Amino acid sequence: MSDSDQVLEVGPTGIDAVIELSKRYQSTLGQLPFEAFRLFAKERRVVASFSGQRITGYAIYRVRKRTGALVLVHLCVDADSRGGNTAQQLVAR
């Protein structure tokens, strides 16, 4: 990630870009129905990295009720953005 890149929370209005990125890498990602993406976005459990207007990665997480621990559900970084610290930035957010 460069200094101009941003990691932002994704809500229901921005989830389509996340879904489109997931479609490109669905052969290597675990199965997650698109409706689940929308539910996680509604619950504010999706963060995405952007380079300008282009999405470069995303992370979806949930919180364990009993322990409060964060569980990573999906992590995806665009091939052109790999090798930097995009994944680290997403998880740190």
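What value in Å³ per residue do you get for the convex hull of the alpha-carbon atoms in the chain?
Dividing the Cα hull volume of the chain by its residue count gives 96 Å³.
Please list 47-54, 21-28 highest first by mean number of surrounding beta-carbon atoms within 10 Å per residue.
So the order, starting with the most tightly packed, is 47-54, 21-28.
Keeping every protein chain present and rolling a 1.4 Å probe, give me the accessible area per residue for region 52-93 in Å².
67 Å²
Carbon and sulfur atoms: what percent of the 1.4 Å accessible area of the chain do they account for?
It is 48 percent, rounded to a whole number.
Collect residues whose amide H, placed 1.01 Å from N in the peptide plane, falls under 5 Å from the amide H of GLY57; neighbours closer than 5 in sequence don't count.
Under 5 Å from the amide H of GLY57 lie the amide H atoms of SER49, ASP78, each far enough along the sequence or on another chain.
The values are calculated or read from the model by the stated rules, or taken from the named source; none is laboratory data. Remember, it's a predicted structure, so these values are computed and weren't measured experimentally. Heads up, the Cβs are rebuilt from the backbone with ideal geometry, glycines too, and the neighbour counts pull from every protein chain shown. Accessible surface is based on the protein model in full, side chains and every heavy atom, while ligands, DNA and RNA are left aside. Shrake-Rupley method; radii C 1.70, N 1.55, O 1.52, S 1.80 Å.
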